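Undergrad: Below: one structure in structure tokens.
The values are calculated or read from the model by the stated rules, or taken from the named source; none is laboratory data. These numbers come from a predicted model, not from an experiment. Every residue, glycine as well, gets a Cβ built from its backbone with ideal geometry; the counts of neighbours run over all protein chains shown.
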Amino acid sequence: MTRLLLILILVLPQDAGWKAGFARARITPDEPLPMAGYAARSRPFERVAGELFVKAMALEDGRGRKALLITADHIGWSADYAIPLGGARRLVLLADVFNLFDSQQVVQYDNYTEISFQAPNPDFGTRLEYQAPRRLRVGARFTF
């Protein structure tokens, strides 16, 4: 993909008015946290297989029109707010947003090429399941 982009940049005529900016921030947690995305997951992660990032690309053309693309290597956002109640007691308000941008990406295809021996599957490659729609979860936790 990078090579194709580089070739297009070199071959196509360029307008000197274009501007581009790129940024990346590491968001890999430093401590084990509960992770979403796997139904069988019942405990925090045990190791980091790869770093997680938020990446952004900003573009501006010669006429001043701007575009911003943001990607994140995760599927949800979380926030909490702690209210001290005296001593060790506190109330923590929690909010989780899943599929924040309401993406409708396909998460499962029919990948069986045959329905029986040498009988092609006419539904091969059919989209079977899409990412769940945006969801908000709120809660509270009381510690003492």
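Undergrad: Being modelled with pLDDT of 80 or more and within 30 Å of PHE142 (Cα to Cα): is that true of LEU85 here?
TA: Values: modelled with pLDDT of 80 or more: yes; within 30 Å of PHE142 (Cα to Cα): yes.
For LEU85, the condition - modelled with pLDDT of 80 or more and within 30 Å of PHE142 (Cα to Cα) - is met.
Undergrad: I would also like to ask the following. I'm told GLN105 meets every condition in (1) in contact (Cβ under 8 Å) with a residue 12 or more places away in the chain; (2) surrounded by 11 or more Cβ atoms within 10 Å (Cβ to Cβ) except one. Can you identify the failing condition by its number?
TA: (2)
Undergrad: Take VAL54 and tell me if it is of a type outside the set (Ser, Thr, Tyr), outside the structural domain of ARG135 (by TED's automatic domain parsing) and modelled with pLDDT under 85. Write out each step before concluding.
TA: Values: of a type outside the set (Ser, Thr, Tyr): yes; outside the structural domain of ARG135 (by TED's automatic domain parsing): yes; modelled with pLDDT under 85: no.
So VAL54 does not fit the description; no.
Undergrad: Out of (1) of a type in the set (Gly, Ala, Ser); (2) assigned by TED's automatic domain parsing to the domain that holds ALA49; (3) under 14 Å from the mean Cα position of the chain (by Cα), what's the single condition that is false for ALA67?
TA: Against the list (1) of a type in the set (Gly, Ala, Ser); (2) assigned by TED's automatic domain parsing to the domain that holds ALA49; (3) under 14 Å from the mean Cα position of the chain (by Cα), ALA67 comes up short only on (3).
Undergrad: Inspect all residues belonging to segment 94-111 and state whether any of them is of a type in the set (A, V, I, L, M, F, W, C) and at pLDDT 85 or above. It would help to see each step written out before you state the result.
TA: Residues of segment 94-111 that are of a type in the set (A, V, I, L, M, F, W, C), as a first pass: 94-95, 97-98, 100-101, 106-107.
Subsequent filtering for residues that are at pLDDT 85 or above retains 94-95.
Among the residues of segment 94-111, at least one is of a type in the set (A, V, I, L, M, F, W, C) and at pLDDT 85 or above, which makes the answer yes.
Undergrad: How many residues are over 20 Å from the mean Cα position of the chain (by Cα) and in a strand (DSSP E or B) when one looks only at segment 95-126? Walk me through it before giving the result.
TA: Going residue by residue through segment 95-126, those that are over 20 Å from the mean Cα position of the chain (by Cα) are 110-126.
When the remaining residues are screened for being in a strand (DSSP E or B), the result is 114-116, 119-120.
Total satisfying the criteria: 5.
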